[in-house]
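Right, one structure below, let's go through it.
The values are calculated or read from the model by the stated rules, or taken from the named source; none is laboratory data. On a predicted model such as this, the values are computed, not experimentally measured, just so you know. Ideal geometry is used to build each Cβ from the backbone, glycine not excepted, and the neighbour counts take in all protein chains shown.
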Amino acid sequence: MRKFVHFLAALSLGAALAVSAAERVDINAANASELAGGLVGIGQTKAEAIIDYREQNGPFESVDDLALVKGIGPATIEKNRDRIGVGAAAAATDKPARD
């Protein structure tokens, strides 16, 4: 019985992780509260900076383009890589960073 309970717990955890990984934040469409709520280390101020950058420079082409936003570095991007989507590819693999 104990093994069965552990199996169910592991199965539940796996399902929860799969669901959360599938829910990406589209950095080209999300509003400030969606960005702040869905990304680690991104508060309201950085979320607004992402939107300002997007409005001034056009849509992001890759997750790595977030490093172009002042205050967002590689560590923040890596913490969120599995949470971030870009445009129509929000649920798929992202394009490589632009040169």
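Restricting to the stretch 13-64, what's the tally of residues that are touching a strand residue (DSSP E or B) at 6+ places or on another chain (Cβ under 8 Å) and either among the hydroxyl-bearing types (Ser, Thr, Tyr) or at pLDDT 95 or above (or both)?
8
Of Asp99, Asp94, which residue is more than 14 Å from Arg24 (Cβ to Cβ), acidic (Asp, Glu), assigned to a loop (DSSP other than H, G, I, E, B) and modelled with pLDDT under 95?
Only one candidate qualifies: Asp99.
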